[in-house]
Amino acid sequence: MIQHNLAISGATCQGCARKIIKALTAIDGVSEAEVDLEQQQVTIAADQGVTLAQMEQAIAEAGYAPASTDPDAAAPPSGPESTSTHSDVTLSITGATCAGCVRTIEEALRSTPGVKQAEMNFADRTALVTGSATAAELIKAVEEAGYGASETTLDDDGSEQEAREQAHYRQLLKHMWLGLGLGVPLMAWGLLGGDMMVRPGETSQWIWLAIGIATLAVLATAGRHFFTGAGKAFTNHNANMDTLIALGTGAAWLYSMVVVLMPGALPEAARHVYFEASAMIIGLINLGQALEVRARGKTSAAVRRLLDLGAKTARVIRDGQEQDIPVEQVQTGDRLRVRPGEKIAVDGEVQEGESRIDESMLTGEPMPVEKTVGDKVSAGTLNEAGTLIYQATAVGRDTALSQIVAMVKKAQGSKPPIGRLADQVSAVFVPTIMIIAVISALAWFNFGPDPRLTHMLISATTVLIIACPCALGLATPMSVMVGVGKAAEHGILIRQGEALQTSSKLDTIVLDKTGTITEGKPAVIDILCADGQHQDDLLRIAASLESGSEHPLAHAILREAESRNLPLQEASSFEALNGKGVTATLDGQRYRLGNRRWLENEGIRIAMDSDTLTDKGATPLFLANDQTLLGILGVADRIKSDSRDAIARLRDSGLKVIMITGDIQASADAIARQAGVDDVMAEVLPEDKAEKVKALQQEGRTVAMVGDGINDAPALAQADVSFAIGTGTDVAIESASITLMGGSLHGVADAMAISTATVRNIKQNLFGAFIYNSLGVPVAAGVLYPLTGSLLSPVIAGAAMSLSSVTVVTNANRLRFFKPGGKTA
Amino acid sequence: MSILINLAGLILIALIIWWFWMSRPGGRKPAAITSETTIIVDDGVYDPALIHARTGQPLTLHFERRDPSPCAEQVIFHGLDVSEFLDNGKVTTVTLKNPPKGEYRFTCQMQMYQGRLIVD
């Protein structure tokens, strides 16, 4: 007889186990098979003649072969199917009433082309499918098998999750009542002078025995999860909060039971029972956990709100017919209609119609954005005015909204360096407390007054109960979670927790000019006319000359002409002279538009002053006909309307604000004056920007760089904290540690304000948690005994411990009400 | 008697140090190398708590959270910049595309749940 261990997969219930056993024992020579559902493993006792292949085949035929024994899956990676294009689809299954259905459904899913693995969880009626098959194909397969299915992402079932949380909350409250129901009367009895001592032979001994059994019942029901948790952790060489509670309450109960059963074995003064402590502690800690569940629900409110933005249904146009379908079923390439007041269902590109879309929920920008054919729209944004028809370009997890949620969730899980000490302490916390409890007990035994046994028990129990690893462990993550969520609400995506901490201690901020301080779009800001000339005439001529040009300045002139509804004239003999300007003929007349030196060289007298334009940071373009100058057009990249205010806010917070640009010094200075920055770095080539940032760092400064995230990548990478600004919903910019979806520099100031507030909150939490533990543990051990003449009650310790973690979570929740402020809008 | 009690206390301390710090779970028998596995999150422990993977291979971990307590709501892979929220009663899949060689801890936020990932 040989014993084999084989891996299985997808066996989730006893029904599956029975099926596997049946399949295996049907093989001649297999005498016994045992399925371990948790390990997904089957142990088989078989004769030597039975081959491994036979057994694997039996398991495969029963439908529970692991992926690795599946010949298709074991094939070397080839083609897109086996690379990262594999995605998980989670289906919510309806109509499955028995474990047998599970196999049918899994088989139906596995036989769908492209499916690598399919597992159904009968407990929550979901199926997890890995492979390249689309959700629609999978749903069809399940439906053909006679069941119902719909796609569910693990994120979007917020209400279900809430219901589970609610159920957990109610259970904790029930446990609390169980614990306190027994503990409070017992404690009241003790406080009101009732006898808590066991007197051998008296009736009270039997009463205490009954109470002891009742306490055991409370420990086994309301306290069950602490004991199972502690037990499992122990076998894994781990110790956690459950360990401390189980040890504390268990020790108190055990001691009391010894007192009840063998009072004679203990000195008379030590025959005190502590059943009330066990019951009370269990009750109080359940109460603390219930409060924590409530408080925690709020910390993830920001992500919930983002998730709630997603539309539930979409109006899809297929074969000329419009129908409302669940948003999960929309596929890339589908044409969709969105009516006024409706949400955009998936990311797409407008094909018909014009409308205004409120994107504030994603970008934080309050003004609605005009959308027309060719523009991109994002899932979760709100269509305000017209009807649009758009084509889906990204669905499901690929939409910008989903990516934002994913990014926020990821950042919420990361920790700034400030939390590392707490992490290191947490990792060794529980065993250390256990050691302190033993030392404390020994100290009382060796040096304490009588009754020494009682003192040993109380001090050790109280030390175990009062120590709160939770407060310490929660201090940083809770604040990060709320802070990162808060930032997301303002259109600020923080990529890592570390950026939070660094942002809070910056002293220098370098702002790229184009697109950061300025609009990034040159515009005609003024037109100076020679005597007898009119602005519109000059603009019409200039625009007609430039109509064939691709230069950014030409675009500015053409846009301005268009906005003034000026008709253009046909130009002939167009010529663009690099670094000089353009020339062309209109109605037989030759015109030139270009820089001063070129026109002067052509013999045209420049009798006008362009200083008023350069003072505004504009580039002057001189317009002349064959003989005379007609006027000067000032083209400038206007600064954003709120840049000045935002820069003032940054400076007020003590930062040195530096503008960096490739522009010539004079026009850079002009923009710098308008923006109100402290310093200017002009004529810097894009590739040298990183060097400039480095130079500032070498001066000992902590530098933030703000840019558009594409052209400035090296400088962003060099900076201590980098901001990509105005990315809209294109959030995949990896080079920046913080992405601002809105285009306003206020976002930078807001991000820094939120970071500072979050780090302050973390510090408060860490301070509180460290102080609580480092004061609480010695007091519990009895250092105050010489002063007070008594030991801290384990019940008080239980109350303090429950409150400490609630306090941390509540303090973190205060951040939700933080307003970065300062916006003029 | 008093010597015995003191001795018992010292032995207890030594046992705590040995059990929780010196001897590590799975330290003696290495876990089987896996590229995909399900980890049950329940009662304060990840089961299995030791994951052994190969470099250059994507690792897919299905976390099945059965513990409703909020402690279990997040898993963080230290040193890999990966974290994921685990929905209660659901399976959440964490895919590490190409984990670099090394030993990483994965824990809950408060580090009460503890697991180890060995990539070699």
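Bear in mind that the values in this text are calculations on the coordinates, not laboratory data. These figures come from a predicted structure and were not determined experimentally. Neighbour counts are summed over all protein chains in view; Cβ atoms, including those assigned to glycine, are modelled from backbone coordinates with ideal geometry.
Note on B:13-19: average number of Cβ atoms from other chains within 10 Å of each residue's Cβ is 4. Under 16 Å of direct C-alpha separation, and excluding same-chain neighbours fewer than eight residues apart, A:K140 reaches no lysines at all.
For the residue pairs A:K486/A:K819; A:K371/A:K486; A:K343/B:K90; A:K513/A:K616; A:K376/A:K410; A:K312/A:K343, the alpha carbons lie more than 19 Å apart in A:K371/A:K486; A:K343/B:K90; A:K376/A:K410. Short to long, the 10 Å bins of the Cα pair-distance histogram for the range A:463-609 hold 9, 24, 20, 10, 11, 12, 6, 4, 3, 1 percent of all pairs. Under the criterion of Cα pairs below 8 Å and six or more residues apart, the relative contact order for chain A equals 11 percent. For the range A:532-546 versus the range A:580-659, the inter-centroid distance based on Cα atoms is 15 Å. Shielding of peptide A:435-447 by partners, expressed as the average count of other chain Cβ atoms within 10 Å per residue Cβ, is 3.
Determine the distance separating the Cα centre of the range A:307-345 from the Cα centre of the range A:365-398; give it in Å without decimals. Value for the Cα centre distance between the two parts: 12 Å. By DSSP, the beta bridges lying fully in the range A:608-748 are antiparallel in about 40 percent of cases.
Taking loop as defined by DSSP and a crowding limit of 13 other beta carbons within 10 Å, which trypsin sites (Lys or Arg not before Pro) in the range A:499-604 fit? When the trypsin sites (Lys or Arg not before Pro) of the range A:499-604 are filtered for loop state and at most 13 Cβ neighbours within 10 Å, A:K505, A:R564 remain.
Within the range B:1-108, the trypsin sites (Lys or Arg not before Pro) that combine a DSSP coil assignment with at most 16 other C-beta atoms in a 10 angstrom radius are B:R28, B:R54, B:R66, B:K97, B:K101. In straight-distance terms, cross-link reach from A:K415 covers every one of the aspartates and glutamates whose alpha-carbon lies under 18 Å from its own, apart from those fewer than eight places away in the same chain; here that gives A:D423, A:E498, A:D720, B:E73, B:D81, B:E84. Only one residue of B:I16, B:I76, B:G56 has its Cα farthest out toward the positive end of the dipole of the range B:2-119, where Lys and Arg carry +1 and Asp and Glu -1 on Cβ, and that residue is B:G56.
Of the beta bridges in the range B:2-119, as assigned by DSSP with both residues counted there, near 65 percent are antiparallel. Calculated on the Cα set of chain A, radius of gyration then Dmax: 36.4, 128 Å.
For the Cα atoms of chain A, what angle does the longest principal axis make with the long axis of helix A:52-62, in degrees from 0 to 90, nearest 10? With rounding to tens, the tilt is 80 degrees. Residues whose amide H lies under 5 Å from that of A:S9, counting only those 5 or more places away or on a different chain, are A:A65; hydrogens are built 1.01 Å from N in the peptide plane. Centre-to-centre separation between the Cα atoms of the range B:67-106 and those of the range A:764-825: 28 Å. The phi-based Karplus calculation (6.51 cos²θ - 1.76 cosθ + 1.60; θ = phi - 60°) puts the 3J(HN,Hα) values of the range A:440-448 at 4, 4, 5, 4, 5, 5, 7, 10, x Hz, whole numbers, x for Gly and Pro.
Taking the DSSP beta bridges with both ends in chain A, the antiparallel portion is around 80 percent. Protection proxy ranking of A:417-425, A:775-783, by the mean of other Cβ atoms within 10 Å over each peptide's residues and highest first, is A:775-783, A:417-425.
Extents of the range B:2-119, largest first, come to 58, 32, 22 Å (Cα atoms, principal axes, whole angstrom).
Remark: chain A carries a charge dipole of roughly 3100 debye about the Cα centre, counting +1 on each Lys and Arg Cβ and -1 on each Asp and Glu Cβ.
Taken residue by residue and averaged, Cβ atoms of other chains lying within 10 Å of the Cβ of B:83-96 number 6. Rounding to the nearest 10 and keeping the result within 0 to 90°, find how far the Cα-based axis of helix A:224-235 lies from the longest principal axis of chain A. Result, in degrees: 80. As a rough footprinting exposure proxy, the listed residues A:T399, A:T387, A:T739 were ranked by other beta carbons within 10 Å of their own, and the order from fewest upward is A:T387, A:T399, A:T739.
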